[in-house]
1. Under 27 Å Cα-Cα from A:LYS159, which lysines qualify once same-chain neighbours fewer than 8 residues away are excluded?
2. What translational diffusion coefficient, to the nearest whole µm²/s, does region B:1-120 have by Stokes-Einstein, given a Kirkwood radius computed over alpha-carbon pairs, a temperature of 20 °C and 1.002 mPa s viscosity?
3. Please state the Cα pair-distance histogram of region B:60-175 with 5 angstrom bins from zero: what percent is in each bin?
4. 7 Å from Cα along Cα→Cβ at both B:SER156 and B:ASP115: what's the point-to-point distance in nm?
5. Given contacts defined as C-alpha pairs under 8 Å and at least six residues apart, what's the relative contact order of region A:99-169, whole-number percent?
6. Alpha carbon centre of region B:94-132 versus region A:82-116: separation in Å?
7. Where does each of A:61-70, A:42-51 land if you order them by average Cβ count within 10 Å, highest first?
8. Run the accessible area of region A:98-184 with a 1.4 Å probe and give the carbon-and-sulfur part as a rounded percent.
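The values are calculated or read from the model by the stated rules, or taken from the named source; none is laboratory data. What you see is a predicted model; the values in this text were computed from it and never measured. Cβ placement follows ideal geometry from the backbone for every residue including glycine, while neighbour counts extend to all protein chains displayed. Accessible surface is based on the protein model in full, side chains and every heavy atom, while ligands, DNA and RNA are left aside. Shrake-Rupley method; radii C 1.70, N 1.55, O 1.52, S 1.80 Å.
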Amino acid sequence: MAIKLHGQPWSNNTVRAMAVLNEKGLDHFAPGLDYELCPVDLRSGGHKRPEFLDLNPFGQIPVFQDGDGSVFESRAITRYVATRYKETGTDLLSASSAALETWLQVEGSQFNPPMFRIIFELGIKPLIGMSTNMSVVENESDKIGTVLDVYEAHLAKNKYLAGDEFTLADLNHMPEIYILSKSAKFDLIDSRPHLKAWWEDISARPAWEKTAVSLPF
Amino acid sequence: MAKGQHKSPDFLKLQPFGQVPAFQDELTTVFESRAICKYICNKFPEKGNQTLMGGGDGGLLSRTSVDQWLEAEGQSFIPPSSALVFQLAFVPMFGFKQDPAAIEQNEAKLANVLDVYDCRLGESKFLAGDDFTLADMAHLPNGHILVSKNEDLFMSRKNVGRWWEEISARPAWKKVVEMQNAPQG
């Protein structure tokens, strides 16, 4: 069975899964189609239909399917692909367990909640016909400052989040920072020299450029 | 923490976000509670419960199921349950006024999540599969407080109730509760 990724290219969580597939050289756009992006029409309630709820009982995108099984939750998907295809493309798990597990969790619990609220308002809502709430943007931009200061200090001493190599911990941050980079709030990253340098490095990766080119932002 | 020790320079060296917990062993420091759990499981693969991260016969898919339900816990269960724990347990403890709107909103959000759990636990003994794993375990801290304040949330759902009774009866968890109840000092 071919690889299927159910989601939408405007969804940061779907993009996280696309990013890892591209890092593994599994190409959506090359002849031979290594994976299929299956759009889920949220507007017509596609994510609440029984056949979709069978794949993800929370009724959320993305869902990943390959010959062996199906996975929901974007970070479980990226972990699965990074592990299953460890020998293909870049090894995204080449860091100490302590550093890798820590920064994977930091992304999910410290970085993402405020960052998602900012980029949802500025980047995603305009694409899906909803209006931006600027007071949410300002509120969350204030809150995220202290988190980003911790990242800035960490990246002053570490080339990548989990050490000397690019890993899944860095990759999991990319969709949200990319969407932010298209908005008026990119100074959150741009004004912090080490965060800025790290972002410039990781977003120049050929696999990421392949992902970015297919996105609507 | 009442004296701000979590913001002291020494503590910030261990945990730069100034939060608890932080874990130290002879090799390294780890922070973020789920990272600490995974680190300990990886460090002691032969000790005690060996299926906490899946693996075994199920291999990668079984580990992925644990990751998946641990993510669901972090992304879907924690936001409303933590807001409720804050309102129902901590706000009264500090002598502040509860926010009824926040309680109602978060109970409704949590109810939706628990409905999904109830369905899942009707088909599967534990969240990730047949074995108790980190995915179930991660629910114990907030679950424990929520059930003590409003047991209906969990116990009115047949499968969630069955699951809660089973996981909260585990000896390792009972030891944690004892430690919480023991006099500090």
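1. Counting by Cα, and skipping residues close in sequence, A:LYS159 has these lysines nearby: A:LYS24, A:LYS86, A:LYS143, A:LYS182, A:LYS185, A:LYS196, A:LYS210, B:LYS7, B:LYS13, B:LYS38, B:LYS43.
2. 124 µm²/s
3. Using 5 Å bins, I get a P(r) of 2, 11, 22, 25, 19, 11, 6, 2, 1, 0 for region B:60-175.
4. 1.2 nm
5. In percent, rounded to a whole number, it is 42.
6. 27 Å
7. A:61-70, A:42-51
8. 50 percent
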